[in-house]
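Working notes, structure below.
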Amino acid sequence: MQIRLLIIQFLSISILIAGQDDISPWYYSLLPGGSHFYNGDYKDAILFSTAELTLAAAGLLINDEINQNNNEINVPLLLSQQIYIIDKWAYYQKIQLRDKKKYPSNATPIQFDATPLSKLISSPFRKEIILTQFVLGFSLLGIVDGIVSYPAHNKSYKHISSVTTVQTKLDRTQGSLIYENMVFSVSGGAATSEELFFRGMLLPMLDYKFGQRTGLLSSSLIFGSLHLLNPGIDKPFYFFTQAFLAGVVFGRHVQQNNYELSEVIAAHFWYNVISATTTWIINPKENPLGFGIQFNF
């Protein structure tokens with residue numbers, strides 16, 4: 001995830017520089033909340049930097065207790081990185097809105113979603129979004145993914161005797177509760193940060209520069225390739241193809257809907273949550289968070 005974050009940050013800076021002339025210096029954008037501090041938006045700056053640094057510190061504190069052999073996810077550190085990407089998007093949206101208002105006739109005609117960030121983040125929990133065919137369809141696909149993503153085993157949820165995470169041993173009920181809470185958090189961060197960046201920032205810029213077809217394929221290839229950097233990948237072709245096709249479908253949906261992101265964020269979130277939950281029920285040993293599972297014999 002650290003390598004993927006660096007690549008995304010590099011792309012973010014490149015896009016900002018390509019799209020705007022009067023933005024904060026690139027080194028400010030590297031810092032948590034840095035661009036917001038530079039522009040005097042202290043409320044947003046403090047909110048983002050506090051969240052990112054607090055979660056990063058928590059992640060570093062528990063890092064030595066994470067089971068590296070089991071590819072256990074350091075959830076606080078991952079959430080910190082996801083919020084960092086959302087931080088960059090928030091600044092990108094802000095300068096787009098600023099220039100559209102300041103230079104209505106000369107603003108760069110790059111498409112972007114002007115929906116408030118708080119509303120985008122809440123998309124997966126808004127009834128009118130959840131009940132769309134697009135979101136419901138991807139929710140059902142999450143079940144399919146949870147079944148086929150990992151090798152089949154004979155042990156299911158009902159066979160779990162204990163769950164171990166961060167070197168803490170829990171019973172099945174406690175472990176399942178922690179797992180689902182972590183799945184919701186990580187899925188929310190992933191759906192929001194990835195859709196804001198790939199479909200809300202990268203895709204519109206590539207569309208503007210090269211046309212919608214090239215933009216769609218290019219952003220989807222990048223999206224699929226970066227998923228190969230996730231820990232514990234044992235079927236690279238499957239996961240690349242899965243992410244690439246999702247990028248194509250999500251990207252095309254965004255292009256056809258005036259670059260609005262609410263539905264793709266919600267679809268991404270519920271796909272991830274339902275896939276991870278399905279895996280936990282039928283094949284918990286292969287859970288995507290890397291929790292240690294002990295079974296009854």
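The values are calculated or read from the model by the stated rules, or taken from the named source; none is laboratory data. Computed from a predicted structure; not experimentally measured. Don't worry about glycine lacking a Cβ; one is built from the backbone with ideal geometry, like all the others, and counts go over all protein chains shown. Areas reflect the complete protein model, heavy atoms only, side chains present, ligands, DNA and RNA absent. Shrake-Rupley method; radii C 1.70, N 1.55, O 1.52, S 1.80 Å.
Assorted remarks:
- For region 127-134, the criterion of a residue being under 17 Å from Phe184 (Cβ atoms), at pLDDT 95 or above and either touching a Phe, Trp or Tyr at 6+ places or on another chain (Cβ under 8 Å) or open to solvent by less than 80 Å² (accessible area, probe 1.4 Å) (or both) is satisfied by at least one position.
- For region 160-240, the helices (runs of 4 or more DSSP H) that sit wholly inside it and include 2 or more residues that are more than 29 Å from Ile62 (Cβ to Cβ) are 203-210, 212-226.
- Subset of region 33-75 that is surrounded by 21 or more Cβ atoms within 10 Å (Cβ to Cβ) and of a type outside the set (A, V, I, L, M, F, W, C) - its residue that is farthest from Phe112 (Cα to Cα): Glu72
- Gly224, sole failed condition from (1) surrounded by 18 or more Cβ atoms within 10 Å (Cβ to Cβ); (2) in contact (Cβ under 8 Å) with a residue 24 or more places away in the chain; (3) within 18 Å of the chain's Cα centre (by Cα): (2)
- The one condition from (1) part of a helix (DSSP H, G or I); (2) within 16 Å of Glu195 (Cβ to Cβ) that Gly59 does not meet is (2).
- Candidates in region 235-272 are the residues that are of a type in the set (Val, Ile, Thr) and surrounded by 21 or more Cβ atoms within 10 Å (Cβ to Cβ); of these, the one that is farthest from His159 (Cα to Cα) is Val254.
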